[in-house]
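Working notes for the structure below.
The values are calculated or read from the model by the stated rules, or taken from the named source; none is laboratory data. Everything quoted here is computed from the prediction, not taken from an experiment. Cβ: placed from backbone, ideal geometry, glycine included. Neighbour counts: every protein chain shown.
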Amino acid sequence: MSNRMYIETTKFVGLRTGNIFFGVRVYDDYDSVDNDSLFETEKDIPDDDLVLLKMVMDIDDEKLEAMFNYVQENKKCIYIDNNIYEWEQIKHLWDEQE
């Protein structure tokens, strides 16, 4: 069972309205979550992937919680945009939340 978790910074555009929103798409092999209001502007998206990861971890969502629990319990890596973060690189974020 491979359950890879991905976080992608995303620009959401309303096709009929043209409204633009900035957020993240988070998904694994079984589910997905879109958050189109995490950032007010594109400039608000942090350059540091670990800051972004922490922001996503703070989103109150049951699906995200299940994904993050799986990562923690199985010591899995997370893909953020074009980068891979191994468990050893991210595990301290779980310690900070406790």
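From the list Asp48, Asp36, Asp44, Asp29, which one is closer than 21 Å to Phe68 by Cα, charged (D, E, K, R) and at pLDDT 95 or above? Sole residue among the options that is closer than 21 Å to Phe68 by Cα, charged (D, E, K, R) and at pLDDT 95 or above: Asp48.
Would you mention how many residues in segment 51-62 are surrounded by fewer than 15 Cβ atoms within 10 Å (Cβ to Cβ) and touching a strand residue (DSSP E or B) at 6+ places or on another chain (Cβ under 8 Å)? Qualifying residue count, segment 51-62: 1. When segment 69-83 is limited to residues that are modelled with pLDDT of 95 or more and under 23 Å from Phe22 (Cβ atoms), the one that is surrounded by the fewest Cβ atoms within 10 Å (Cβ to Cβ) turns out to be Asn83.
Test of understanding: among Asp36, Asp44, Asp31, Asp49, which residue is under 17 Å from Thr10 (Cβ atoms), touching a Ser or Thr at 6+ places or on another chain (Cβ under 8 Å) and either among the acidic types (Asp, Glu) or free of Cβ contacts under 8 Å to residues at least 24 places away in the same chain (or both)? Result of the check over Asp36, Asp44, Asp31, Asp49: Asp36.
Scanning segment 40-98 for residues that are within 10 Å of Met5 (Cβ to Cβ) and touching a Lys or Arg at 6+ places or on another chain (Cβ under 9 Å) yields Tyr70, Lys76, Cys77, Ile78, Tyr79.
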